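Heads up, the thing below is written out as structure tokens.
The values are calculated or read from the model by the stated rules, or taken from the named source; none is laboratory data. Owing to the predicted nature of the structure, the values given are computational and were not obtained by experimental measurement. As a convention, Cβ positions derive from the backbone with ideal geometry for all residues, glycine included, and neighbour counts pool all protein chains shown.
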Amino acid sequence: DTAVSQTPKYLVTQMGNDKSIKCEQNLGHDTMYWYKQDSKKFLKIMFSYNNKELIINETVPNRFSPKSPDKAHLNLHINSLELGDSAVYFCASSNYGGLAGEQFFGPGTRLTVL
Amino acid sequence: DAKTTQPTSMDCAEGRAANLPCNHSTISGNEYVYWYRQIHSQGPQYIIHGLKNNETNEMASLIITEDRKSSTLILPHATLRDTAVYYCIVRGQTGANNLFFGTGTRLTVIP
């Protein structure tokens with residue numbers, strides 16, 4: 001079974017549209033993350049949720065709104081998509097205490113904004 | 001979190017040991033050294049972490065200098081599937097702090 005899954009794997013859309021990316025983990029972790037990897041391959045944290053509560057928001061435009069319906073899911077909704085939003089988005093999970101540095105990543109969602 | 005410095009790229013012959021260095025001279029006493037890798041088009045993968053002592057698992061060994069200012073990740077018998085970007089990250093152990101990924105080292109295993 002896949003530990004951290006994301007859907008869709010690829011997403012192509014027009015500027016101005018609103019889209020969502022879903023993430024689910026079956027590892028029993030209580031903390032989930034969204035990372036963005038741009039065209040230059042820099043991987044940066046966007047959000048972190050612990051037990052459905054937002055704990056990190058790294059200067060991300062408010063067009064990006066994460067939603068965590070439960071500990072196993074963290075979805076990312078993006079409003080009014082812009083060209084610069086094109087990137088690969090990775091979801092990850094870990095435990096808050098203990099080995100919080102050991103994060104498990106999903107396969108990524110490649111978003112292309114035209 | 002402490003900043004890390006890694007070489008941009010390295011080559012290694014298949015079957016030989018790959019030694020990937022990392023400098024972290026500003027590491028503080030409670031910060032761990034983590035290594036991740038990212039194989040092309042995949043999500044990052046945790047490899048190993050350590051505090052002071054050398055560590056070994058089924059994937060790799062981690063050698064940390066006594067002053068903790070640098071470390072080396074060792075892949076004992078590199079295979080073509082080990083070709084990836086390897087990231088050295090320094091951070092505290094607990095909490096939900098994000099991982100700061102630098103530019104990493106692009107390791108190419110050559111047949």
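Summary table below
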item: So A:Phe64, is it more than 14 Å from chain B (Cβ to nearest Cβ), in contact with a strand residue (DSSP E or B) (Cβ under 6 Å, 6 or more places away or on another chain) and among the aromatic types (Phe, Trp, Tyr); result: yes
item: Residue count for segment B:29-80, restricted to those that are closer than 24 Å to A:Tyr35 by Cα, in contact with a Lys or Arg (Cβ under 7 Å, 6 or more places away or on another chain) and either among the aliphatic types (A, V, I, L, M) or exposed (fewer than 13 other Cβ atoms within 10 Å of the Cβ) (or both); result: 1
item: Residue tally, condition farther than 17 Å from A:Leu54 by Cβ and within 11 Å of chain B (Cβ to nearest Cβ), over segment A:23-39; result: 1
item: Checking A:Thr2 against (1) farther than 26 Å from B:Val90 by Cβ; (2) at pLDDT 95 or above, the condition it does not meet; result: (2)
item: Residue within segment B:20-36 that is of a type outside the set (S, T, N, Q), under 21 Å from B:Pro111 (Cβ atoms) and more than 14 Å from chain A (Cβ to nearest Cβ) present; result: yes
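Residue-by-condition table, conditions (1) among the basic types (Lys, Arg); (2) over 21 Å from B:Ser41 (Cβ atoms); (3) within 10 Å of chain B (Cβ to nearest Cβ):
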{"position": "A:Met15", "(1), (2), (3)": "no, yes, no"}
{"position": "A:Ile21", "(1), (2), (3)": "no, no, no"}
{"position": "A:Ile45", "(1), (2), (3)": "no, no, yes"}
{"position": "A:Thr59", "(1), (2), (3)": "no, yes, no"}
{"position": "A:His73", "(1), (2), (3)": "no, yes, no"}
{"position": "A:Asp85", "(1), (2), (3)": "no, no, no"}
{"position": "A:Ala92", "(1), (2), (3)": "no, no, yes"}
{"position": "A:Asn95", "(1), (2), (3)": "no, yes, yes"}
{"position": "A:Pro107", "(1), (2), (3)": "no, no, yes"}
